[in-house]
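What follows is a set of notes on a single structure, which appears directly below.
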Amino acid sequence: MFEKVVDTSRYQGNIDWEKVKADGVQATMLKTVSTNKEFGGLYIDPVFERNYAECKRLKIPVGAYYYTYAQTRQQADKELALLSKALKGKSFEMPIAVDVEDNTLKALSKQSLTDLVIYAAKTIESWNGYAMVYTYAYFMQTQLDAKRLSAFDFWIADYRKTRPALACGMWQYTNSGNVNGIAGKVDLSRSYRNYPNIMKRANLNHFYY
């Protein structure tokens, strides 16, 4: 339903969202939580609040994702607790995605990693959120059990110029897009579902607890 969806984080710096919207961007996915020693470990992306506020001001449908490093349930709980803090008091027209792609996660068996992703996605659903799983095509094939995860929506990165064979709600088709208002290259995706309507009809993604 959306031909031009961007995902952004601190790496895109200070974004001019008015120019982004004028350039035809129809929706965005904002990074919320990740882990980095420079930020003291787990952290909320420092531009998340500003980007969220700007998207709301300009009525750009907005979703969120967090980058997981969790290899245990305990680590997953810590990430999810900070994600909950970041989402609190906000509403989203696009999904809330678990970004599972880091090379460190390859230390886990396919079953164990899939268990953790299911746990994270179900936790988001328990908050009345619309959970999505983001990864790249090869990681899904080799590190995750797509059949077990099929209860959730997929956002698949595949830069081979054709839509992934695996059914997905969003396809990230490039990591080298150009968008006015954003310095440098940016990821671009296509959305195949009308997520704002889904959220509205099902009354999802309102984190006012």
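The values are calculated or read from the model by the stated rules, or taken from the named source; none is laboratory data. The shown structure was predicted, so the numbers you read here are calculated from the model rather than taken from an experiment. Positions of Cβ are generated from backbone atoms using ideal geometry, with glycine treated the same way; all protein chains shown enter the neighbour counts. The accessibility values were calculated without ligands, DNA or RNA, using every heavy atom of the protein model including side chains. Shrake-Rupley method; radii C 1.70, N 1.55, O 1.52, S 1.80 Å.
Data overview
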quantity: Residue check, M94 part of a loop (DSSP other than H, G, I, E, B), closer than 26 Å to Y173 by Cβ and at pLDDT 95 or above; calculated: yes
quantity: The range 36-53 - residue that is touching a helix residue (DSSP H, G or I) at 6+ places or on another chain (Cβ under 6 Å) and assigned to a loop (DSSP other than H, G, I, E, B) and, of those, surrounded by the most Cβ atoms within 10 Å (Cβ to Cβ); calculated: D45
quantity: Number of positions in the range 113-141 that are open to solvent by less than 50 Å² (accessible area, probe 1.4 Å) and in a helix (DSSP H, G or I); calculated: 12
quantity: Subset of the range 54-86 (residues that are closer than 22 Å to S112 by Cα, among the polar types (S, T, N, Q) and either open to solvent by less than 70 Å² (accessible area, probe 1.4 Å) or in contact (Cβ under 8 Å) with a residue 24 or more places away in the chain (or both)); calculated: T68, Q71, T72
quantity: Total residues in the range 162-190, condition among the hydrophobic types (A, V, I, L, M, F, W, C) and either modelled with pLDDT under 95 or part of a loop (DSSP other than H, G, I, E, B) (or both); calculated: 7
quantity: Which numbered condition D153 misses (of (1) open to solvent by 50 Å² or more (accessible area, probe 1.4 Å); (2) closer than 17 Å to E93 by Cα; (3) not aromatic (F, W, Y)); calculated: (1)
